Amino acid sequence: GALVCAQPALAADLLIEEGQDPVDLSGDRRYDYVQIDGVLRVVGNLTIRADVITFGPSAQVRWCALPGAGADDGCTRGRNVSLIGRERVTVATSIDLRGGQGASRPGGSLTVSARSVLLTNDVRTDGSEAPSGRVVLTASGGHLVTQGIFAPGAPIALTGRDGVSVFGSLRTSPGGERSPSSDPSRPDIPAGPVSVRSGGGDVVVMDGIS
């Protein structure tokens, strides 16, 4: 696929269409407008900054890819990903920042901020025999909407000026198929802190906090 790593894109927009060759992306990237409807391979820690960032429902994001012909799940350490929008960020695909290879696979951290933030699929940042990544979601000018978040042992911080809605659970306690402390001879890590703040609207967590 196309490799976009070292220098900012020449065009003001990042448009990845369905059926287009995969695009490799990493680093700190700045655009006016971002629309992902095809295959994006995240080949290193990634920050995307734009007025509007949209990952459509047909987007296929390989969050743990290696550059070029490398495996789509070849990273050992989950990627740290930041999506920084001036107006809005919408992600209609799951966000899976787990490491893919190795006995110890730290989870990557996720930061999403914009005036309006909408995540319509689950978020996972859990590590395997290693720490999970933190999750920070901020809607500075409106309502924050997200699905379930699994980040055992790591902080989760959600802020919405006009309210916060979580259509799932917020899980920071160890557990699940890839617990960071699955070895019974090792003590479980404590649950991570959870902060959910609203500047005025309602706060709803459909399936609770654990």
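The values are calculated or read from the model by the stated rules, or taken from the named source; none is laboratory data. Computed from a predicted structure; not experimentally measured. Positions of Cβ are generated from backbone atoms using ideal geometry, with glycine treated the same way; all protein chains shown enter the neighbour counts. Note: accessible area is taken over every heavy atom of the protein model, side chains too, but ligands, DNA and RNA are not part of it. Shrake-Rupley method; radii C 1.70, N 1.55, O 1.52, S 1.80 Å.
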Residue satisfying all of: in the range 169-180; open to solvent by less than 10 Å² (accessible area, probe 1.4 Å) and either modelled with pLDDT under 95 or among the hydroxyl-bearing types (Ser, Thr, Tyr) (or both); farthest from GLY78 (Cα to Cα) among these: THR172
Residue count, the range 69-83, condition open to solvent by 20 Å² or more (accessible area, probe 1.4 Å) and either free of Cβ contacts under 8 Å to residues at least 24 places away in the same chain or aliphatic (A, V, I, L, M) (or both), comes to 2
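What number of residues in the range 99-150 are more than 20 Å from VAL203 (Cα to Cα) and among the small types (Gly, Ala, Ser)? Spell out the reasoning first.
Taking the range 99-150 first, the residues more than 20 Å from VAL203 (Cα to Cα) are 99-110, 124-134.
Going one step further and asking which of them are among the small types (Gly, Ala, Ser), we end up with 99-100, 102-104, 107-109, 127-128, 130, 132-133.
Qualifying residue count for the region: 13.
Give the residue, chosen from SER195, SER165, SER140, that is at pLDDT 95 or above, under 23 Å from VAL52 (Cα atoms) and open to solvent by 40 Å² or more (accessible area, probe 1.4 Å).
Answer to the selection: SER140.
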Residues of the range 25-84 being within 16 Å of THR125 (Cβ to Cβ) and aromatic (Phe, Trp, Tyr), which ones? TRP63
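Only one residue in ARG41, ARG30, ARG86 is within 23 Å of LEU158 (Cα to Cα) and open to solvent by 10 Å² or more (accessible area, probe 1.4 Å). Which one?
Values: ARG41 fails: within 23 Å of LEU158 (Cα to Cα); ARG30 fails: within 23 Å of LEU158 (Cα to Cα).
Residue meeting the stated conditions: ARG86.
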Matching entry among LEU66, LEU46, LEU15, LEU25 (being assigned to a loop (DSSP other than H, G, I, E, B), without any contact (Cβ under 8 Å) to a residue 40 or more places away in the chain and aliphatic (A, V, I, L, M)): LEU66
Out of everything in the range 98-135 that is in contact with a Pro (Cβ under 8 Å, 6 or more places away or on another chain) and part of a strand (DSSP E or B), what residue ends up being surrounded by the fewest Cβ atoms within 10 Å (Cβ to Cβ)? SER128
